[in-house]
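The values are calculated or read from the model by the stated rules, or taken from the named source; none is laboratory data. Quantities reported herein were computed from a predicted structural model and do not represent experimental measurements. No Cβ is skipped: glycine too gets one built from the backbone with ideal geometry, and neighbour counts run over all protein chains shown. The protein model used for the area step is the full one, side chains on, heavy atoms only, and it has no ligands, DNA or RNA in it. Shrake-Rupley method; radii C 1.70, N 1.55, O 1.52, S 1.80 Å.
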Amino acid sequence: MIAPLIKGLILGVILSISVGPVIFAIIKQSINNGHKAGYFFVAGVSASDILLVLVCNFFTSLFTTALNHRTFIAVAGSAFLVAVGIYTLFFKKVHTDESNNIVDKKFRKRDLLAIFFSGFFMNILNPAVFIFWFAWTAAILADSQTAVHPIEYRTIVFGTCLAFVLFSDLLKVMLAGKLRPKLTPGNLHLINKISGLILIGFGIALCWGILTYGNKIG
């Protein structure tokens, strides 16, 4: 079935290149803390996407209820982004050795779990992600009705989309990891400052957008 495969790839490209806080957070996490942290963050993002796809397809009423509370979700998401941004901007430390070289932080299991959930909540608390999955799930559900095997059709579309997005996020981690050894502590400190400002900016813009235009959506 070529058609659902192509549609899944198109959806994956749209979602993977969408400019949002998650892209910057993946790069920031990978540059600051290395591959392992980046992979756990991406795993959290991917888990939230999978959950949203499942809820969209099998618990439509639950998803619609959540969408009706998008203002609350947006405010919670904004607060989360601003909090992460403030921490990154003012409190994030660059770990160095005695020669002032950047060293990898030793992560405990709970640290990696915290990174996983930071990716999960950063993605799932973004109303734009909710609207994306709601709109496209409705379109794919309608489209699949003309297919010989509707369930297989939807499985291929969403499976291809999720796999492509996961692959592109892992690629971002790998590219950021290659850049990391070339950075000095001063460079990394500057990146933290810029990343913090970007996350705060996204948080404020998200809150302003949903409070200003939220009632006009849907």
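Quick look at the numbers
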| read-out | value |
| --- | --- |
| Filter pass, Val165 being open to solvent by less than 40 Å² (accessible area, probe 1.4 Å) and of a type in the set (Val, Ile, Thr) | yes |
| Residue check, Phe130 closer than 27 Å to Ile204 by Cα, modelled with pLDDT under 85 and part of a helix (DSSP H, G or I) | yes |
| Sole residue being over 30 Å from Ile204 (Cβ atoms) and surrounded by 19 or more Cβ atoms within 10 Å (Cβ to Cβ), chosen from Ile151, Ile124, Ile140, Ile115 | Ile140 |
| Boolean, Arg154 is over 24 Å from Leu89 (Cβ atoms), assigned to a helix (DSSP H, G or I) and among the charged types (D, E, K, R) | yes |
| Residues located in region 157-172, provided they are without any contact (Cβ under 8 Å) to a residue 40 or more places away in the chain and closer than 30 Å to Phe91 by Cβ | Leu171 |
| Tally, over region 126-142, of residues that are touching a residue at least 12 places away in the same chain (Cβ under 8 Å) and farther than 27 Å from Ile26 by Cβ | 1 |
| Criterion violated by Phe167 - all others in (1) over 23 Å from the mean Cα position of the chain (by Cα); (2) assigned to a helix (DSSP H, G or I) satisfied | (1) |
| Residue in region 91-105 that is crowded, with 18+ Cβ neighbours inside 10 Å and modelled with pLDDT of 80 or more present | no |
| Failed criterion for Arg108 (all others in (1) farther than 15 Å from Ser30 by Cβ; (2) among the basic types (Lys, Arg); (3) modelled with pLDDT under 80 hold) | (3) |
| Region 173-197, residues that are open to solvent by 40 Å² or more (accessible area, probe 1.4 Å), touching a residue at least 40 places away in the same chain (Cβ under 8 Å) and basic (Lys, Arg) | Lys193 |
| Qualifying positions in region 203-218 - modelled with pLDDT under 80 and in a helix (DSSP H, G or I) | Leu206, Cys207, Trp208, Gly209, Ile210, Leu211, Thr212, Tyr213, Gly214, Asn215, Lys216 |
